[in-house]
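Peer 1: A single structure is presented below for examination.
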Amino acid sequence: MIMFERFPLLVTFFTSLLIILGFFIPRAPFGDIQQTLLVWVLIISGFAALLGVDSLLRLHIKRVTSRGEGWAYSLVLILTFVFIFGLGVFSGIKYGTAFSLASPFMYAYTYGIIPLQATMFSLLAFFITSAAYRAFKARSIDATFLLVAAALVIIGRVPIGGMVWAKLPVIADWILDWPSMAARRGVLLGITLGAIGTSLRIMVGIERSYLR
Amino acid sequence: MNINRRIIYLLVAVVVTVPLIIKIAMPVRVSPPVQLAYDKLDELKPGSVVLLSTDYEAGTMPELYPMTIAILKHLFSRDIKVLLMSMYALGVPIGTMALDEVAAEYDKKYGEDYAILGFKPGLNVVIVAMGSEIRDAFPTDYAGTPLEDLPVMKGVDNYDDIPILIDLCSGSTLDSWVMFAQARFGQRIIAGCTAVMATSFYPYLNAGQIEGLIGGLKGAAEYEKLIESPAVATSGMPAQSFMHILILVLIIIGNISFFIERRRKRRS
Amino acid sequence: MVFFFVLFFIPSVLLQSITNLTAFDTPNDAGGSITITWNVATELQTGGIVRYEIFRSKSASGGYENIGIALSNKTKYVDTSARDGMDYYYYVVAVSKEGETGKSGIFGPVSSTLQWFNTKRWNVLVILVFLIFAFFFYINLARKGIKTFIRKIPGLEALDDAVGRSTEMGKPILYIPGLWGLTNVTVLASLSILRRVAKKTAEYGARIMIPNANPLVMTATQEVVKEAYLEAGRPDLYNEKDIFFLTGDQFGYAAGCDGIIVREKPGAIFLLGVFAAESLILAETGNSIGAIQISGTTSTLQLPFFVASCDYTLIGEEMLAAASYLSGEPVMLGSLKGEDLAKIVMILLIIVGALLTTFGVVDITGLFSTG
């Protein structure tokens, strides 16, 4: 029983050790081991996609058959899924690849997915405005610094900033290049150390809340 | 004072759409990172082969597609050959669309002046494989033609034969390109990315790991100015400018009302 | 006379145009590779070389075969078709539009071998050994019972409270683990926090919803929640249907989560994982319905958005330290101390490096190159 519990930890430990060795030892089999394992991850995630499809469809089929709340939307989802999947298979057979620009699958992509994704992305313009309105208030000295810096960058980064005062873009670039960069690097160094620490904890089995 | 969200959103909609409809001209100042990117590509000998990776999908197309077009115009006008690939399956058709559009304009032929390698999953694995031989990662082009049969691929084996790699990305693919292609194989890289991502790539630019950076629609507009071919990005600049001003005005209103309220509270 | 000289001179330039041909075993590799470098007279380089052709043979006297070409702007070729231990001889020919314009002497014998250690990475090894030492040193201290001070992290302190307040309002809890997969260490950290959140949810008898963008993360979140419910003694409350797959598409996922936020009006929203452009779309929608929001990510770009729209934000390493912080186990807390020691060393190195570079000692940067 103890062996059974320890087994995943042993696998974790030896796999990570192999990858670390592979970083320092160029000769086969060590040198390629990280790449090989990454390929394995790809293969596993390929199959795992089926799990996702299963979860998604099961949920919505259940909702349709039990006439749950919003079942009509679920029906739309299922029909769209089947339709696009069918288009993909058909295009794959007819054009060799579903991603050929002439295929009906790509037609659906160009005129369906592209506008939809662009729409979601452009929501950021709205959200960034309401967030900025709320967040940038001179509540304290620190917040005032932040506010002034933000205002300079906001105006300095667009053509109109240069039209107002030629130095504005230069100031905006300076803020991004120096103070902002210094802070970002500090946070990044912290994150990297944190990631190494977490990896070591996972490797030696101290941190295992991701396991059963 | 709390302005209703809906009013803010309505203002945004108006400020963005109106300048797009009534076209206003706005001068574009070229920033150093974009100038660098342009210069590096401009220095290439005619006939060199560059690798263009369109690592973005539909969501960020509004920002990155104008950039793709501007760069391709620059390359083809200087008779530089282009190999297109993507780390995203759906990045290939987007790149292909841009290539088809610009190639027709400059009378370039598929196989001779450009080729589409396509998509291959595996990101880091692909980048490393291409370091020794591009044909290991892409034995054929996207249509299944062996790379041997494409004249453009003659003498092009790996990064040694590609003077510059251009990564147009919406996510973290540039990290991988820098980590593997640049650090391991010394590949020179020029990057284009969305405006939000740009700040996170400045460290690469400062460290010389990338040699030019085109950020967002503004960057694309600057590039359009450099190649003297103003297009979509340039016409988007007034909208973006007014939008930034709106945000600024809202921040000012927010602060004024914040101070008034605080004073009122102190009095009471 | 001049004419005579020119006639005589040109061919000799051609013959010696490629000089210093050298071939050596490519260092720090898995074998099978020999690097060849050469120099070329500048007048020839500007004078229309189209490419170089590289020839190889197993004997110096003959049997040379063309094994590849290098572009005109290169003076290096890596032969990756060598067999380890076999002796090879090389020469290089410069080719212009008119044909052969220059040739090098023959270099050899040279053979390739595989290496046991990548000598360019000794610096990484030193740092790694130091980190491991610092890590276990503090863990050992912790095992001996020496207490570690750890500052309060408001975002983590607020976890239980957020679940409690949401339950009081009779609303569900939404946990968004982001788009990335299990290979990302931040996602694993998110699972550790999820375990705590799910346990509290079970204790309060509330409902937790987890939309997923990655099927493997979905199964992991299901397992973690199931386990947490079991631990809390409420396995009966566990509902697998609330932990589902939405889509792997970035903005599709954002739209789906937004829909759930607007329809279900959760009382508490946890945005913990790796995020990209969808961060603000999710956080602002959550903010608009007045939910208590706790976010955390290692994506530095998204931090400002989370700070603007959420009540609490775990900034970078706070997120990674969460598992240790929440567990309160001395050994895990001790390991955090190890990270701090490494950080102090790093700060000292930066200061020393900046000073030395300021005073003109620039060689020090070479020590940190893995080139």
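The values are calculated or read from the model by the stated rules, or taken from the named source; none is laboratory data. A quick note: this is a predicted structure, and the numbers were derived from the prediction, not measured. Cβ placement follows ideal geometry from the backbone for every residue including glycine, while neighbour counts extend to all protein chains displayed.
Peer 1: Do the conditions hold for C:Thr313, that is, is it more than 28 Å from C:Ala162 (Cβ to Cβ) and more than 9 Å from chain A (Cβ to nearest Cβ)?
Peer 2: no
Peer 1: State yes or no: is C:Leu230 free of Cβ contacts under 8 Å to residues at least 24 places away in the same chain, surrounded by fewer than 20 Cβ atoms within 10 Å (Cβ to Cβ) and within 13 Å of chain A (Cβ to nearest Cβ)?
Peer 2: yes
Peer 1: How many of the residues making up region B:189-215 are surrounded by 22 or more Cβ atoms within 10 Å (Cβ to Cβ) and of a type in the set (Gly, Ala, Ser)?
Peer 2: Looking only at that region, the number is 5.
Peer 1: Related question: Those residues that are under 23 Å from the mean Cα position of the chain (by Cα), over 13 Å from B:Met130 (Cβ atoms) and within 12 Å of another protein chain (Cβ to nearest Cβ), I need them from region B:149-177; list them, please.
Peer 2: B:Pro163, B:Ile164, B:Cys169, B:Ser170, B:Gly171, B:Ser172, B:Thr173, B:Asp175
Peer 1: If you don't mind, there's one more thing I want to ask. Going residue by residue through region B:116-138, is there one that turns out to be over 28 Å from A:Leu176 (Cα atoms) and in contact with a Pro (Cβ under 9 Å, 6 or more places away or on another chain)?
Peer 2: yes
Peer 1: Given the criterion exposed (fewer than 15 other Cβ atoms within 10 Å of the Cβ) and either in contact with an Asp or Glu (Cβ under 7 Å, 6 or more places away or on another chain) or under 30 Å from C:Glu329 (Cα atoms) (or both), identify the matching residue among C:Phe136, C:Phe55, C:Phe130, C:Phe117. It would help to see each step written out before you state the result.
Peer 2: On the way: C:Phe136 fails: exposed (fewer than 15 other Cβ atoms within 10 Å of the Cβ); C:Phe55 fails: exposed (fewer than 15 other Cβ atoms within 10 Å of the Cβ); C:Phe117 fails: either in contact with an Asp or Glu (Cβ under 7 Å, 6 or more places away or on another chain) or under 30 Å from C:Glu329 (Cα atoms) (or both).
Criteria check complete, one pass: C:Phe130.
Peer 1: Does A:Ala143 meet the test of being at pLDDT 90 or above and touching a Pro at 6+ places or on another chain (Cβ under 8 Å)?
Peer 2: On the way: at pLDDT 90 or above: yes; touching a Pro at 6+ places or on another chain (Cβ under 8 Å): no.
Taking the combined requirement at face value, the residue does not satisfy it.
Peer 1: Is it the case, given these coordinates, that C:Ser295 is closer than 25 Å to C:Arg151 by Cα, crowded, with 20+ Cβ neighbours inside 10 Å and not aliphatic (A, V, I, L, M)? Walk me through how you get there before you give the answer.
Peer 2: Details: closer than 25 Å to C:Arg151 by Cα: yes; crowded, with 20+ Cβ neighbours inside 10 Å: yes; not aliphatic (A, V, I, L, M): yes.
Yes; evaluated as a whole, the condition is true for this residue.
Peer 1: Something else: Being over 22 Å from C:Cys310 (Cβ atoms) and among the small types (Gly, Ala, Ser): is that true of A:Ala132 here?
Peer 2: Taking the combined requirement at face value, the residue does not satisfy it.
Peer 1: Could I ask something else about it? Right, C:Gly267: farther than 24 Å from A:Gly70 by Cα and either crowded, with 22+ Cβ neighbours inside 10 Å or outside the structural domain of C:Arg207 (by TED's automatic domain parsing) (or both) or not?
Peer 2: No; evaluated as a whole, the condition is false for this residue.
Peer 1: Looking only at region C:218-274, which residues are within 26 Å of B:Leu90 (Cβ to Cβ), acidic (Asp, Glu) and at pLDDT below 95?
Peer 2: Within region C:218-274, C:Asp249 is the sole residue that qualifies.
Peer 1: Condition (residue is more than 26 Å from C:Phe245 (Cβ to Cβ) and more than 7 Å from every other protein chain (Cβ to nearest Cβ)) applied to region A:70-93: is it met by at least one residue?
Peer 2: Within region A:70-93 (the criterion being more than 26 Å from C:Phe245 (Cβ to Cβ) and more than 7 Å from every other protein chain (Cβ to nearest Cβ)), the answer is yes, since at least one residue qualifies.
Peer 1: Of the conditions (1) modelled with pLDDT under 95; (2) surrounded by fewer than 23 Cβ atoms within 10 Å (Cβ to Cβ), B:Leu226 satisfies every one except a single condition; which number is it?
Peer 2: Condition (1) is where B:Leu226 drops out.
The rows are residues; the columns are (1) more than 9 Å from every other protein chain (Cβ to nearest Cβ); (2) of a type in the set (Gly, Ala, Ser).
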{"site": "B:Ala191", "(1), (2)": "yes, yes"}
{"site": "B:Asn206", "(1), (2)": "no, no"}
{"site": "B:Gly212", "(1), (2)": "yes, yes"}
{"site": "B:Ala221", "(1), (2)": "no, yes"}
{"site": "B:Ile227", "(1), (2)": "yes, no"}
{"site": "B:Gly236", "(1), (2)": "yes, yes"}
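Peer 1: Restricting the search to region A:26-72, which residues are polar (S, T, N, Q) and either touching an Asp or Glu at 6+ places or on another chain (Cβ under 6 Å) or farther than 30 Å from C:Gly31 by Cα (or both)?
Peer 2: A:Ser45, A:Ser55, A:Thr65, A:Ser66
Peer 1: Now for a separate question. Scan (1) surrounded by 18 or more Cβ atoms within 10 Å (Cβ to Cβ); (2) out of contact with any helix residue (DSSP H, G or I) (no Cβ under 6 Å at 6 or more places or on another chain); (3) within 29 Å of A:Thr119 (Cα to Cα) for the single condition B:Leu83 breaks and write down its number.
Peer 2: (3)
Peer 1: Only one of C:Leu194, C:Leu272 is of a type in the set (A, V, I, L, M), crowded, with 24+ Cβ neighbours inside 10 Å and more than 10 Å from every other protein chain (Cβ to nearest Cβ). Can you tell me which?
Peer 2: C:Leu272
Peer 1: Does B:Met179 satisfy the criteria of being surrounded by fewer than 17 Cβ atoms within 10 Å (Cβ to Cβ), touching a residue at least 24 places away in the same chain (Cβ under 8 Å) and among the hydrophobic types (A, V, I, L, M, F, W, C)?
Peer 2: Values: surrounded by fewer than 17 Cβ atoms within 10 Å (Cβ to Cβ): yes; touching a residue at least 24 places away in the same chain (Cβ under 8 Å): yes; among the hydrophobic types (A, V, I, L, M, F, W, C): yes.
Judged against the criteria, B:Met179 is a match.
Peer 1: Filter region B:239-252 down to the residues that are more than 8 Å from every other protein chain (Cβ to nearest Cβ) and touching a residue at least 24 places away in the same chain (Cβ under 8 Å) and list them by number. Spell out how you get there, then give the answer.
Peer 2: Kept after step one, since they are more than 8 Å from every other protein chain (Cβ to nearest Cβ), are these residues of region B:239-252: B:239, B:249, B:252.
Selection gives B:Ala239 alone.
Peer 1: Moving to a separate point now. Filter region C:81-112 down to the residues that are farther than 19 Å from C:Ser59 by Cβ and buried (at least 18 other Cβ atoms within 10 Å of the Cβ), then identify the one that is nearest to the other protein chains (Cβ to nearest Cβ). First the steps, then the outcome.
Peer 2: Residues of region C:81-112 that are farther than 19 Å from C:Ser59 by Cβ, as a first pass: C:94-102.
If we keep only those that are buried (at least 18 other Cβ atoms within 10 Å of the Cβ) as well, we get C:94, C:101-102.
Working: C:Ala94: 14, C:Thr101: 17, C:Gly102: 18 Å.
The residue in question is C:Ala94.
Peer 1: Let me ask you something else. Under 6 Å by Cβ, and 6 or more places apart or on different chains, what pairs join a residue from region C:117-128 that is basic (Lys, Arg) with one that is assigned to a helix (DSSP H, G or I)?
Peer 2: Taking only residues 6 or more apart or on different chains, the pairs are C:Arg121/A:Phe24.
Peer 1: So, A:Phe23, is that one closer than 28 Å to C:Leu114 by Cβ, touching a residue at least 24 places away in the same chain (Cβ under 8 Å) and surrounded by 15 or more Cβ atoms within 10 Å (Cβ to Cβ) or not?
Peer 2: no
Peer 1: Whether any residue in region C:178-190 is buried (at least 18 other Cβ atoms within 10 Å of the Cβ) and away from chain A (no Cβ under 14 Å) is what I want to check.
Peer 2: Yes, region C:178-190 contains at least one residue that is buried (at least 18 other Cβ atoms within 10 Å of the Cβ) and away from chain A (no Cβ under 14 Å).
Peer 1: Moving on to the next point. I'm trying to understand the selection: among the residues of region A:17-75, which are hydroxyl-bearing (Ser, Thr, Tyr) and in a helix (DSSP H, G or I)?
Peer 2: Hits for region A:17-75 are A:Thr36, A:Ser45, A:Ser55, A:Thr65, A:Tyr73, A:Ser74.
Peer 1: Which residues, taken from region B:39-71, are closer than 18 Å to B:Ala115 by Cβ and not in a helix (DSSP H, G or I)?
Peer 2: The answer is B:Leu44, B:Pro46, B:Gly47, B:Ser48, B:Val49, B:Val50, B:Leu51, B:Leu52, B:Ser53, B:Thr54, B:Asp55.
Peer 1: Going through C:Tyr77, C:Tyr138, C:Tyr90 one at a time, which residue ends up being modelled with pLDDT of 90 or more and farther than 22 Å from C:Ala321 by Cα?
Peer 2: Result of the check over C:Tyr77, C:Tyr138, C:Tyr90: C:Tyr90.
Peer 1: Among (1) more than 13 Å from the chain's Cα centre (by Cα); (2) more than 9 Å from chain A (Cβ to nearest Cβ); (3) in contact (Cβ under 8 Å) with a residue 12 or more places away in the chain; (4) farther than 22 Å from B:Tyr204 by Cβ, where does B:Tyr65 come up short?
Peer 2: (1)
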